[in-house]
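Some notes on the structure that comes next.
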Amino acid sequence: MSQKQLDQEANSENNKIIQVNQLVKQYEGGVTAVDNISFQVDEGEIFAFLGPNGAGKSTAIKILTTVSRPTSGEILVNGYNTAKEEHRVRDAMGVVFQDHTLDKELTAYENLYYHTVLYGVPKNERKDRIQTMLDNVGLWERRNSLVKTFSGGMKRRVEIVRALLHYPKILILDEPTSGLDAQTRFFLWNHIDEINRDYNITVFLTTHNLEEAEKVAENIAIIDQGQILAMGSSKEIKAQTETESLERAFLEITGYDLRY
Ligand SMILES: Nc1ncnc2c1ncn2[C@@H]1O[C@H](COP(=O)(O)OP(=O)(O)OP(=O)(O)O)[C@@H](O)[C@H]1O
């Protein structure tokens, strides 16, 4: 048995679908955006990665999603190294980035179809998957509209569909609800919760909305200045800080000073 197979067997045994080991990222000019962090995410859990502006969340997500490489340390996704086995890692995950990334000049259907081609979804399954998933977010009727005519909430719903079309094991959401109205936020969190429960998809998310994180996440890591300052369930973090809400616990842990 190869080392890779042994590693993967070990991972599946203890169910750690994301393993972050002593991760460091230094940018040119000397900023240490991620400063030796380690944590693990169990398969099937909803994990929230929280921190103030500039804490290092996006930097860590870029490494996790193979967009950037670590200075040292590593991230293993489903047993594969994000810096060395990019394709395997990308196949295992669906990503919704903070900024909208759909092609505005194409229709919703065209955007999604393009993704199924790119990710090798079998040809005879493409239309059905798109129809079922667009239906689930209430947008099948709008499939032939150009994305540039969509509201922010509609775009986000299409982006979540796109992230799921190739049946990933992990869904990565970087501030999925920022700038969206209460109705869309309510809908999206319920949808994410449902996907997680029905298909055992692991969800790794960042958000500045701590109330929403508290409702949806089973485990939370709080990062600031590149370092993890607290980790556990919302209940555990509140108990550690003797606070009543995650928002207050977060402020106690990361401090009350404004960030630049
Ligand atoms: N390309 C870059 N070059 C140099 N420094 C960078 C670069 N990208 C980010 N940084 C710095 O690294 C640190 C972490 O930034 P990062 O964007 O990862 O934080 P964040 O937690 O995602 O913040 P936000 O909540 O505002 O999105 C900050 O000090 C930031 O200024």
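Assorted remarks:
- Subset of region 78-95 (residues that are within 16 Å of the ligand (Cβ to nearest atom) and surrounded by fewer than 21 Cβ atoms within 10 Å (Cβ to Cβ)): none
- Residue satisfying condition, being more than 17 Å from the chain's Cα centre (by Cα) and not acidic (D, E), within set G30, G51, G44: G30
- Taken over region 195-217, the criterion of being in a helix (DSSP H, G or I) and closer than 26 Å to G54 by Cβ is satisfied by L210, E211, E212, A213, E214, K215, V216.
- Odd one out for L171, checked against (1) more than 16 Å from the ligand (Cβ to nearest atom); (2) assigned to a helix (DSSP H, G or I); (3) buried (at least 16 other Cβ atoms within 10 Å of the Cβ): (2)
- Of the residues making up region 121-130, those that are buried (at least 16 other Cβ atoms within 10 Å of the Cβ) and either assigned to a helix (DSSP H, G or I) or in contact with a strand residue (DSSP E or B) (Cβ under 8 Å, 6 or more places away or on another chain) (or both) are R126, R129, I130.
- The sole residue among S38, S68 that is modelled with pLDDT of 95 or more, within 30 Å of R259 (Cα to Cα) and exposed (fewer than 13 other Cβ atoms within 10 Å of the Cβ) is S38.
- Of the residues making up region 44-66, not a single one is of a type in the set (D, E), away from the ligand (no atom under 16 Å from the Cβ) and under 13 Å from V77 (Cβ atoms).
- Residue, nearest to T116 (Cα to Cα), within region 131-164, restricted to residues that are part of a helix (DSSP H, G or I) and among the basic types (K, R): R162
- Summed over region 240-250, residues that are crowded, with 19+ Cβ neighbours inside 10 Å and either free of Cβ contacts under 8 Å to residues at least 24 places away in the same chain or in contact with a Ser or Thr (Cβ under 8 Å, 6 or more places away or on another chain) (or both) total 2.
- Residue within region 191-211 that is of a type in the set (A, V, I, L, M, F, W, C) and over 30 Å from Y113 (Cα atoms) present: yes
- Residue satisfying condition, being within 16 Å of the ligand (Cβ to nearest atom), surrounded by 15 or more Cβ atoms within 10 Å (Cβ to Cβ) and part of a helix (DSSP H, G or I), within set I192, I253, I237, I220: I253
The values are calculated or read from the model by the stated rules, or taken from the named source; none is laboratory data. Owing to the predicted nature of the structure, the values given are computational and were not obtained by experimental measurement. A quick note on method: Cβ atoms are made from the backbone with ideal geometry, for glycine too, and the neighbour counts reach across all protein chains shown.
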